[in-house]
Structures are given as C-alpha cells and as structure tokens.
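Here's the structure, in structure tokens; my notes come after.
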Amino acid sequence: MSRIPGSEKWSSDLVRGRIEFLVDCAKGARRLSQFMTRRRGETEAVVEQAAEISGAAECWSDAAALAFASNHTAEGLLYLARAAVVSDLRRCSLPELARSAFFGSLAGYLNVRLSADGIRILPRSENRLYPDEISRPWSAELGTAIQIARSLPVLALAAAVSGNPFEPEISFDGKGEGSLSRSTLLAAFAAPDFRALRQASDSARAAIREMEETWELRLTMMREDTYHWERARARTELIDWRLLAVHVALLRRGSSGSADESPGPATAYLRDLAGEIHKMPRWV
Amino acid sequence: MLLQWCLKGISEHSHFTDAHATGLLRKGIPSRWLLSYAGSNAFADVSAAQQTLSQAALDNHVNNYGAVAGNTPYISLSAGSVVPASHGVSVRPAWRTALDFATQGGAVSGYIFRCWVILSPKPSAGLSPLADEVRELNIFRQFFTFHDEGEVAAKILVPHRQIEWVQKFDARGNFIFQADNPDFVDPLDICNLIEVVA
C-alpha cells in the first residue's frame, strides 16, 4: 500500500475533486465534444449524429492513474476497465484495439491472446457488451505491416499481463493476409518491453533497468513542474503504464525481473503497485 | 496563414457573471493587459499594447504565468493536442482543457467561448493580428512543458466577430445555456477557396 512519491501534500479533497472531474469528463466526453464543436444554430439533434468520442479513454486512464497514485488501487482498476471499452472492440482501429487490450488486461477485465491467426479477446464472463470471444485476424483490414509492428509490443504486453505467452505463435511465412511477416515481428521485438519479458537473461534485465531509469527521471521531471504537480495534475501520463504492465506480467509468470536490485523510489512504488494489482481478483 | 478554431474557458465568479460572459460577444475576449491598462485613448492604447508584445513576453506568458498573470498581453486559447502515450498516442481534446480552466478542475461553474484566430506558421510573438501556435513544438520548443494543453496564444484582444458563441457549464460539466453571437463572421467566408466568377 503506497502512494506515488511526492504526493504527500495532495489533500484527499484535492485528489477526490480531480478524479471526479476526470470521471465527469470521461462520462460526458461524447456530449461535451459535440457541444463544443457544434456550429451556431445547429440543433442538438444534428449534433447527436456525430459518433466519434474524443478523449474519453484518456480521461478514464488519467482518473485511474490518479487513483493508483493516491493508493486507491481497486478504484483505479475499475476506471481502467472503463477505458478498455470506450471503443467497439469488434470494429475499432488497431491503435484503439491495442489501447483497449492493454488497459483491459491490466484491469483484469479482458483476457488477451495472440495467435497465428490474429488477436483473440475474451471479456469477463457476464459481459453484456461482448458476450462472445472477439477475434480480429491479422489482415490488411486490421492494419498495415508497419501499423501492426507498432502495436504488437503493446498487444504482446497485454497478452503477457493476461498470463498468456507473450511471444505469439505466429508463422514466419510472410505470405501476407492472415499472417505476419518476419520483418514485422523483428521490428516489434526491438521494443524494450518485448525484451523485458523474455525469459530471465541479461538482455531482459537490462531492458527493465532501462525502463525503470526512464521512469525515475520522468517522475522527477513531473514533480519539478510544481504548477501542475501541486494541483495533482501531470503533463503526461502520471503512471508509466508499460513498466507497470511489465512488472504485473512478470509477477503473473512467477518471476520478479530485476527485483533483486535496490530500486529508486519511483520504481519501488511501481513495483508495489504491480504487486497489489497482481493480488487483486481478476474478472477473466 | 491558417485559420484555427479554439476554445477559451473562463470560470464564473462575482466579477464575471452571465452578463459579463455574453457581453464579451459584443466586446471580444480581452487580455489581462487590456483590462488593466486600457484608458480612453484607443489609438494610444493599441500602440502601447503592441509595444508589450515580444518573444520574451510570450515566454513569460507560457512558462512563467504567475509572474505576469495581471498584465500579460496574450490570451491563452486551447486547440487540443496529441501527446505520446504508453499505447501509442493520447488525445487531449480542446474541450477538456477549456472545461478544466472554466470549472477550475470541476470546482465551480464556468463559460467556454468558441472562436477562430489567424495562425502564423512561424513565430510571430510581436504581431497582434496573428496568434502563435504554442502547442507546435516544431516551432516553439521552449513551450514543451505545457504542450498537452494544446495552447494557441492570441494577442491583446480576440475580436468579437471571431467569437461564435459562449456556452455555460456547471462544475460537473452539465450544459446550462448557449448564447450565439449575431455579429459572428464565419471563417469560411475568408478562407482561400475562391469561387468562380459566375
């Protein structure tokens, strides 16, 4: 049980007010974005036809980050689950799918599996939005090879957080439709979180150390921005979601990664948070 | 030059009420400098206001607002931004920033103005008719700290004919009313798509 380093002066009223604002924005994102882009004289009925929701997932994930940072882990997981279902998983774009899979797996709300055929997502059993497993095959419709290579580390991380193999059993035949090319996979393998999840090795430990050092520096810079920090706001994501996900995935695999080293305060906090999330009951 | 839609959030308080908010549809959105120093001599005021515009003044407005809050000649507007995120990129819509400022983070009710400005594709801190795209890091690298707010900095006064409407929201983001500006000039009327001579 811990708070993010540097948050000691945040009052509970400040944190609660900020979370409520973000939740209000998330819930009202469609309405608010439509209201504020409508033209003079447009009626509400016309505006309602617009379907795009801009910024809702970010409001949910920012609310989750602040809940985690203020030691309200269970509440944060609920917000992450909401962030995961902002987009329609059956037809959303690949970046949106990757975001949903990532937050949903971290929340224990979605079980993500990568296979030779594509991405399979199993929502929680009593989910009314998605009663059946969702399958999104690797195809040109899902995205180009470059787009898939960019999203693959996040998707693989989501699969690992779900407790599934992080290196997908994907064919290397490179024949295009229905498979991934070797170059696509190799491009994705270069990401540090991909390396971090490899079985215990010097390369994996170095990748985790690199991510942790970046996180230490990032939190220091956020705290030095006193205007935002004193208002419980961060210029960027308050939590390093990818590093958190790496630690949760390692714990679910029964490994502690680089936990034998003495971590900095930011890293120690994130490892504690990962431990808490790991112990929380999962829905799937 | 580019034409850019922007939002401006102002919170409600005893000195800024519904009447003041709708009054800006006739007067324009003033900078702090204009509110503090403007007198009765319009020519002298405009000239003096322009003298306050500089790269250093813009830098203070963005990076050291607390020091110049009472007399800055710049007006912060939000046009939204896209920032790097764990899963790729993250959208910070203009409406969220404007609502954050208007409601002081969900604490009070406030007003949001929709207006357009003329953006320069190069730094133009000293030219009052043009707004500076502070959110554009390719141009304004020194403003990275506040990149996520998607700021566009207008100068001295956002003319009232460039304000389309004002909307009021309560602290929870519930819509209360909208007042349209009858004098509004649509930016499409001056964009660079020219109709044939018919």
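Listed values, structure above:
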{"read-out": "Sequence of A:138, B:165, B:95 once ranked by neighbouring C-beta atoms within 10 Å, starting from the fewest", "value": "B:165, A:138, B:95"}
{"read-out": "Cβ-based exposure ranking for B:164, A:42, A:96, A:58, in which fewest neighbours within 10 Å come first", "value": "A:42, A:96, B:164, A:58"}
{"read-out": "Radius 10 Å from Cβ of residue B:73, net charge of other residues (Lys, Arg +1; Asp, Glu -1)", "value": "+2"}
{"read-out": "Residue A:162 long-range amide H proximity, modeled H, under 5 Å", "value": "A:112"}
{"read-out": "³J(HN,Hα), Karplus 6.51/-1.76/1.60, whole Hz, each residue of region B:127-137, x for Gly, Pro", "value": "9, 5, x, 9, 9, 9, 7, 4, 6, 8, 6"}
{"read-out": "Among B:82, B:38, B:20 the positive-end extreme of the charge dipole of region B:2-189 (Cβ point charges)", "value": "B:38"}
{"read-out": "Inter-site label distance for residue B:45 and residue A:16 at 7 Å from Cα along Cβ, in nm", "value": "4.5 nm"}
{"read-out": "Total formal charge among the other residues, if their Cβ is under 10 angstrom from that of residue A:92, Lys/Arg +1 and Asp/Glu -1", "value": "+2"}
{"read-out": "Amide hydrogen neighbours beyond the local backbone of residue B:75, cut-off 5 Å, H modeled", "value": "B:154, B:155, B:156"}
{"read-out": "Under 19 Å, Cα to Cα: Lys pairs in the protein assembly as shown, sequence gap 8 or more or different chains", "value": "7"}
{"read-out": "Cβ-placed point charges (K, R +1; D, E -1), dipole of region B:2-189 about Cα centre in debye, nearest 20", "value": "140 debye"}
{"read-out": "Prolate/oblate/rounded label for chain B (Cα gyration tensor, a/c 1.5)", "value": "rounded"}
{"read-out": "Local electrostatic count at residue A:278 - Lys and Arg +1, Asp and Glu -1, tallied over other residues with Cβ under 11 Å", "value": "+3"}
{"read-out": "Hydrodynamic radius of the protein assembly as shown per Kirkwood, over alpha carbon pairs, in Å", "value": "24.3 Å"}
{"read-out": "Derived scalar couplings ³J(HN,Hα) [region B:176-193; Karplus, 6.51 cos²θ - 1.76 cosθ + 1.60; whole Hz; x for Gly, Pro]", "value": "10, 7, 10, 10, 7, 9, x, 8, 4, 10, 5, x, 4, 5, 10, 6, 8, 8"}
{"read-out": "Least to most buried among A:162, A:105, B:109 (fewest other Cβ within 10 Å first)", "value": "B:109, A:162, A:105"}
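Throughout, read-outs are computed from the coordinates displayed, never taken from laboratory work. Predicted model, so just to flag it, every value in this text is computed and none were measured. Please note: Cβ atoms are built from the backbone with ideal geometry, for glycine as well, and neighbour counts cover all protein chains shown.
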